[in-house]
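The block underneath contains the structure these notes are about, expressed in structure tokens.
Read-outs: derived from the displayed coordinates by stated rules, not from any lab. Treat the numbers as computed from the prediction; the structure is a model and nothing was measured.
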Amino acid sequence: MPDNLYLFSAIAASTAVTFGLRALPLAFIAKLRSHGFINYLALRMPLGIMVVLVAATLPAGIMDPAVAWPVAAALAATMGLHLLRRRTGAQRARRYRRACRDPFLAAIAAPANP
């Protein structure tokens, strides 16, 4: 059985790593916000992350009715909440373009049909 010093040092190390990973980006936030590539990632990554999450969580037998009904219900609930709150991705993109200072990023974020 490990002694107390070993346990406390493991807890302290994991606490330091967790704090560092969460606090260090906040220390550089002003510099990161003015960087064009970071703004581009902030615009594009949420969709990419959601696609990866959906692909990873869909079960292999998605066409089985026992699986398809809960997935369809979850999809309907999510779409209903988005419609209820009127917070779509297009509205967020418009708000982002207004706040964007970089003309290159504003051109990238421009919709195909204004």
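For the reader, a short list of remarks on this structure follows.
- Converting phi to 3J(HN,Hα) with the Karplus coefficients 6.51, -1.76 and 1.60 and the offset θ = phi - 60°, region 13-18 yields 5, 5, 5, 5, 5, 4 Hz in sequence order, with x at every glycine or proline.
- Karplus (6.51, -1.76, 1.60) ³J(HN,Hα), θ = phi - 60°, over region 62-71, in Hz, Gly and Pro reported as x: 5, 7, 5, x, 5, 9, 5, 5, x, 5
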